[in-house]
């Protein structure tokens, strides 16, 4: 069996007195489209930060492409799209091209300039997210959904094997959420990019997703999406903490 | 004035260092503004005051240091201040802005003590506070050239990393960039530019040359590249117009440079307003 791209062994994390994650074991294989779902405060973003090496787990080990995080140097193989509202500076005077190009920073390395054909690579990345006509626009002029597509293009420009997205549809209107998941599904199927997505919104779990992990400090369920579909609402509510309603996004996209 | 520049060495020094400062201060200033560090530049200029005042006092009281260029201690104070700011920002993680008033008051406090010990305000100190056309020595010019070389080398090496860090710090860290070290180097280079600029613009107004041209450029530029180009253009315009008017009107160049920068800023705000109302085609 092939080495999992991401392998979490008994991960626990504690913020001062609060336990955020308890004994997490999770294997993400090549080609998976995994949604990690859970209520607010369930430790989803903490888990992503541990995978990305931004936080050190209190206990346990993360293997990326078979290597422990501290020894894993090929960061360009993992594309990251952070929660838009938290990180990016909206007033920043930069064009879409300048933002997407910056996704090559790690691949090129310190003390080197962007290659001469960088604009061609930017165009290809923007095309794959349907944003090529916005190349010269200022990033602040775009809508929330368009900005998220640009950030995915920034992650894709270094040809990653895995794309990790933290609450990617926060601030995106419902009409664009559907086409957004459709685009992710396309990247997963046509470009064979493994996708790990975090969301607190159970509605967002569409048929594009192959796997689901239900997290609330512990992993309550990890398996194929259709296995989860067979779970009763009562089972979901038991760990989610409040009433849960399942909505099928994919069928809406196709209609 | 052009003839006078060729004739008098002090004018050559003032003009040459002014043109260099007009280039490097806004160039670095673009990153300072987009990283929301404008007030840190202000705090560092006040720390530089402590170094300058300390040096002026030492040159009065210690015979061997009588000819010491105050710029050296100013640079030491500014760089030390930048490192302290970083330490304090990490110490008060949830109240990072506290580092600014702490360092600013420490700078002014030490500055006030050294000024009192040196028995008051000398005309020399006035020049350091508000800039001077006549006080820039050949040695000052060489220091400014040295600082400019450091800034240009630093920005050439780390331009793309600084862009990512400024735009999206979390993404930069997730990409595995040595964000902490690049930031510390950035703060040291900022401290050097502040110390180097104060001969022309003055300690109290030095941060304005790093922020006002950038504020004007950001109103009208569409890309990061354009912001840099316009910031430098506005910085140079402010220095040239400011120095010429200071020379002819016998005013402190810090004041004339800053007022010119303010006028440029107002013009860009006005042109943007007219453009959005459709008066000017853009």
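Just so it is clear, none of the values below were taken in a lab; they were calculated from the coordinates. No experiment lies behind these values; they were computed from the predicted model shown. Here Cβ is always computed from backbone atoms with ideal geometry, including for glycine, and neighbour counts include all displayed protein chains.
Among A:233, A:32, sorting on how many other beta-carbon atoms sit within 10 Å of each Cβ, with the fewest leading, yields A:233, A:32. For the pair region A:75-122 / region B:43-99, the C-alpha centres are spaced 36 Å from each other.
Just to be sure I understand the model, the point goes 7 Å from the Cα along the line to the Cβ. What's the resulting residue B:7 to residue A:15 distance in nm? Result: 7.0 nm between the two label points. Among A:111, B:84, A:224, B:186, the order by Cβ neighbours within 10 angstrom, fewest to most, reads A:111, A:224, B:84, B:186. Mean per-residue shielding of peptide A:129-141 is 1, counting Cβ atoms of other chains within 10 Å of each Cβ.
Report the residue, chosen from B:133, B:206, B:164, that carries the largest GNM mean-square fluctuation when chain B is represented by alpha-carbon nodes joined by springs under 10 Å. Highest fluctuation among the options: B:164.
The distance between label points at residue B:60 and residue A:232 comes to 8.8 nm (points 7 Å beyond Cα on the Cα→Cβ vector). The spread of Cα positions in region B:30-77, taken along each principal axis and listed from longest to shortest, comes to 45, 13, 10 Å. Give me the base-10 log of I(q)/I(0) for chain A at each q in 0.07, 0.09, 0.17 Å⁻¹, Debye formula, one uniform scatterer per Cα, rounded to two decimals. Calculated log10 I(q)/I(0) at the listed q: -0.24, -0.40, -1.41. Relative to the dominant Cα principal axis of chain A, helix A:174-190 is inclined by about 80°.
The angle between the Cα long axis of helix A:144-156 and the main principal axis of chain A comes to about 80°, on a 0 to 90 degree scale. The fewest-to-most ranking of A:13, A:80 by surrounding Cβ atoms within 10 Å reads A:13, A:80. Here the sum of -39500 (n - 2.57) over DSSP H runs of 4 or more residues, divided by the residues of chain A, equals -9000 deg cm²/dmol at 222 nm, to the nearest 500.
Of the residues B:235, B:22, B:63, the one that moves most in a GNM of chain B with alpha-carbon contacts below 10 Å is B:63. Spatially, region B:190-228 and region A:32-50 are offset by 42 Å when compared through their Cα centroids. A protection proxy built from the mean count of other Cβ atoms within 10 Å ranks the segments A:148-160, A:176-188, B:264-276, most packed first, as A:148-160, A:176-188, B:264-276. In terms of its Cα atoms, the protein assembly as shown spans 87, 55, 39 Å along the principal axes, sorted from long to short. The helix-only estimate of mean residue ellipticity at 222 nm for chain B, built from DSSP H runs of length n ≥ 4 each weighted as -39500 (n - 2.57), is -28000 deg cm²/dmol after division by the residue total.
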